[in-house]
Amino acid sequence: MADRTVKLEIRDMTKHYDNGDGVEHINLKIYEGEIVTMLGPSGCGKSTILRTLGGFLDVSDGDILIDGKSIIDLPPEKRPTAMVFQSYNLWTHMTIYENLAFGLKLRKVPKATIDEEVKKHLALVSMSGCEKKYPTQLSGGQQQRIAIARSLMLKPSVLLLDEPFSALDAKIRQQMREELKKIQSELGITVVFVTHDQEEAMALSHRIVVMNKGVFEQVGAPAEIYDEPASKYVASFIGEMNFVNKDGKTIAVRPEDVSITQDIGDINGTVRTIMILGHYVEVNVQCGDTVVKCFVDREQSDKLTVGQAVHLKFAKYHVF
Ligand SMILES: Nc1ncnc2c1ncn2[C@@H]1O[C@H](COP(=O)(O)OP(=O)(O)OP(=O)(O)O)[C@@H](O)[C@H]1O
Ligand SMILES: [Mg+2]
């Protein structure tokens with residue numbers, strides 16, 4: 001990672017709103033061609049950070065650099081960034097062609113070049129041939145694709161996406177996520193993505209920033225965050241996790257890391273429910289006051305009955 005080019009750097013950035021809310025002492029380097037996702041619950045400050053990057057909010061303190069140059073004094077249109085919001089991105093009174101062409105027309109790009117660019121970007125987002133349509137004639141997912149195409153038309157150095165798929169249903173979201181990943185790797189563009197959906201973050205990102213109340217809890221690759229959560233908060237936010245109190249400590253163990261045995265184990269309990277969920281089985285085991293969720297295979301679950309006394313063994317766990 002050390003020899004990679006830093007595209008965007010946030011240096012000790014603080015943004016306070018008048019009421020005292022906001023984000024504090026944010027430090028982050030994002031490398032060229034990386035997709036970095038800000039992940040966290042509602043109100044933790046994801047959009048605040050993204051808006052300071054795009055120039056829609058002034059910072060209270062600190063600096064933001066792109067290609068080594070400070071951008072905090074530049075208005076949004078002068079920054080080498082482009083931003084896509086959650087919804088309402090397109091101008092409804094304009095055709096798709098006009099929506100896409102708008103930015104280049106302002107830059108006095110010749111019409112022939114604009115036509116070519118519009119065609120190229122529509123193909124990139126799999127929307128060829130819809131130049132004459134109006135936004136309302138497209139589905140939500142199609143509109144967001146156009147919004148992404150429009151941002152890319154401006155050839156930004158860094159693309160900023162604030163929950164661009166959150167208004168879409170689960171299936172379309174998944175498809176959009178794969179398409180975005182493909183477009184990103186084709187163009188090699190740097191992307192800062194915001195979501196509160198941990199699965200979306202895991203699927204899409206090179207690195208994830210897990211946020212909690214205006215601060216960074218952990219920054220790392222998806223596998224790193226899943227396998228080595230730095231705090232109880234991260235452990236509970238990413239994936240499924242059991243928390244078991246033992247000898248005054250909290251043990252965090254993922255359902256797939258619990259095995260059910262008849263001989264000695266880490267804790268004892270009684271089988272409460274057995275649910276077959278396709279290729280795996282969810283078994284809930286009552287251990288004192290806690291219910292421990294275990295994912296096991298059919299071979300194992302077929303030997304279990306509700307009410308049976310069992311031992312649980314933890315293959316891998318974290319102590320907090
Ligand atoms: N314009 C504003 N004025 C005052 N406080 C604000 C303003 N915008 C956001 N906040 C506050 O700042 C904090 C962070 O808000 P932000 O919009 O960045 O959260 P978020 O992580 O994007 O949440 P969500 O997932 O709901 O979009 C919240 O406590 C919010 O209430
Ligand atoms: Mg937000």
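The values are calculated or read from the model by the stated rules, or taken from the named source; none is laboratory data. Quick caveat, the model's predicted, so the values are computed rather than measured. Cβ: placed from backbone, ideal geometry, glycine included. Neighbour counts: every protein chain shown.
Quick notes
- Residues in segment 94-104 that are farther than 16 Å from Pro156 by Cα and either in a loop (DSSP other than H, G, I, E, B) or of a type outside the set (A, V, I, L, M) (or both): Met94, Thr95, Tyr97, Glu98, Asn99.
- The lone exception for Val209 - which of (1) in contact (Cβ under 8 Å) with a residue 24 or more places away in the chain; (2) within 16 Å of ligand 1 (Cβ to nearest atom); (3) part of a helix (DSSP H, G or I) it fails: (3)
- Unique match (being at negative phi, modelled with pLDDT under 95, under 28 Å from the mean Cα position of the chain (by Cα) and not β-branched (Val, Ile, Thr)) among Leu124, Leu104: Leu124
- Scope segment 161-212; condition among the small types (Gly, Ala, Ser) and on the phi < 0 side of the Ramachandran plot; matching residues: Ser166, Ala167, Ala170, Ser185, Ala201, Ala203, Ser205
- In segment 94-107, the residues that are surrounded by 15 or more Cβ atoms within 10 Å (Cβ to Cβ) and among the charged types (D, E, K, R): Glu98
- Selected residue (criterion: modelled with the lowest pLDDT) from residues of segment 127-158 that are of a type in the set (Val, Ile, Thr) and closer than 25 Å to Glu77 by Cβ: Ile148
- Yes/no for Ser47 being in contact (Cβ under 8 Å) with a residue 12 or more places away in the chain, out of contact with any Pro (no Cβ under 7 Å at 6 or more places or on another chain) and within 12 Å of ligand 1 (Cβ to nearest atom): yes
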